[in-house]
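The structure under discussion appears below in the form of structure tokens.
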Amino acid sequence: MMSAPNTQLDKTTLLALYRTMVEIRKTEEQLAKSHATGAIPGACHSYIGEEAVATGVCAHLRPDDVVFSAHRGHGHALAKGVSPREIIAELFGKVTGCSRGRGGSMHLFAPEVGLMGTSGIVGPSILMAAGSAYAFKMRGSDRVSVAFFGDGAVNNGAFHEGINMASIWDLPVIFVCENNLYATEVPFATVARNPNIVERHIVYGLPGSAVDGNDVLAVHDAAGEAVCRARAGDGPTLLECRTYRTRSHAEGQRDVGYRTADEIEEWKARSPIKRFREHLLAEGAVSEDDLARIDAEVTAIVEDALHFAATSPWPDPTTVLDHVYSAREGTTRRCVS
């Protein structure tokens, strides 16, 4: 069952949540197909099955709020405002991508909408989000920072250092752990005596909440409280969103062997999009036509994005050092630290 409907959410908001999840799903499905045909030259980490988390959290963020993400960051980028065109073009390695074709699946960057980067390194989103939140507090701003990371990051030193610092300084940051049960192919329950990640909030003295990460309304409610708290200057929050990726860790890797086919099918049946759609129709909040219209519009957007990416130019080889070195007048070129 979905969480009890939030009476403050009007039809426009409910449809916006549905649209974002569908846009993430259809973009990811297209990326998976493109990877299988060889159109994507590098890795591709799908967010399929986890759409409710990025959607529910980012719905509360302004363009000047910032998000830091991990290797599975396409969904966060789309939910924060990066277009399917920019995402697909980036994975194709094209100059029209959000990182100008230089980042690929794991290194998306669009500061104009507050996406401050995704990373293939485990845990840095936690530290960078805390650092940005510190800057916001020093400037007296009400901007907030969000770190998305997986269960595999919570045993990393960055988790302990970042959350401790944010807590003692009351920084405006939301730590969002997307607990999808596996760190690559390692079950989280085998590397933590206490598998309830949210309970770690107690030792660091900050609020924590565990929610069904496949229930977009539950995520939306919990994230709304956390963002309001941060904007008011009341410090950070730890959210554990329990969810599941229904595709392999990365496209081309195995699906089973470390998990069963039955487990995957069970979670597919709990798809956040399917559940939210059924909930909206059962509550009479929207009509079939409303949802069908969104499905068709998003399908057209993703088809356009695929064509855009396929026909976009490759980066000019002569620009290979752009964005790597900084040239200052009267000085030699130096590497940016």
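Per-structure values
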item: Flag if ARG259 is out of contact with any helix residue (DSSP H, G or I) (no Cβ under 7 Å at 6 or more places or on another chain), open to solvent by 50 Å² or more (accessible area, probe 1.4 Å) and either in a helix (DSSP H, G or I) or within 23 Å of GLU28 (Cβ to Cβ) (or both); result: no
item: ALA79, sole failed condition from (1) surrounded by fewer than 20 Cβ atoms within 10 Å (Cβ to Cβ); (2) under 22 Å from LEU14 (Cβ atoms); (3) hydrophobic (A, V, I, L, M, F, W, C); result: (1)
item: Residues of region 203-255 classified as of a type in the set (Val, Ile, Thr), touching a helix residue (DSSP H, G or I) at 6+ places or on another chain (Cβ under 7 Å) and more than 21 Å from ILE24 (Cα to Cα), total; result: 1
item: Residue pairs meeting the criteria (Cβ under 6 Å; at least 6 apart or on separate chains; first within 19 Å of SER46 (Cα to Cα), in region 112-129; second β-branched (Val, Ile, Thr) and assigned to a strand (DSSP E or B)); result: LEU115/VAL67
item: Any hit, region 3-16, residues being touching a Cys at 6+ places or on another chain (Cβ under 8 Å), assigned to a loop (DSSP other than H, G, I, E, B) and closer than 22 Å to VAL144 by Cβ; result: no
item: Among residues of region 277-311, those that are in a loop (DSSP other than H, G, I, E, B) and surrounded by 13 or more Cβ atoms within 10 Å (Cβ to Cβ), counted; result: 2
item: Which numbered condition THR37 fails, given (1) surrounded by 17 or more Cβ atoms within 10 Å (Cβ to Cβ); (2) among the hydroxyl-bearing types (Ser, Thr, Tyr); (3) more than 30 Å from SER209 (Cβ to Cβ); result: (1)
item: Filtered residue count, region 131-175, keeping only those that are polar (S, T, N, Q) and over 14 Å from ASP65 (Cα atoms); result: 4
item: One residue from GLY73, GLY49 being modelled with pLDDT of 95 or more and on the phi > 0 side of the Ramachandran plot; result: GLY49
item: Number of positions in region 140-198 that are open to solvent by 10 Å² or more (accessible area, probe 1.4 Å), among the polar types (S, T, N, Q) and touching a Leu at 6+ places or on another chain (Cβ under 9 Å); result: 1
item: Any hit, region 115-126, residues being in contact with a Lys or Arg (Cβ under 9 Å, 6 or more places away or on another chain) and surrounded by fewer than 24 Cβ atoms within 10 Å (Cβ to Cβ); result: no
item: Subset of region 201-215 [closer than 12 Å to SER167 by Cα and surrounded by fewer than 20 Cβ atoms within 10 Å (Cβ to Cβ)]; result: ILE202, VAL203, TYR204, GLY205, PRO207
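The values are calculated or read from the model by the stated rules, or taken from the named source; none is laboratory data. Please read these numbers as outputs of a predicted model, since none were measured by experiment. Glycine also receives a Cβ, built like all others from the backbone with ideal geometry; neighbour counts cover every protein chain displayed. Note: accessible area is taken over every heavy atom of the protein model, side chains too, but ligands, DNA and RNA are not part of it. Shrake-Rupley method; radii C 1.70, N 1.55, O 1.52, S 1.80 Å.
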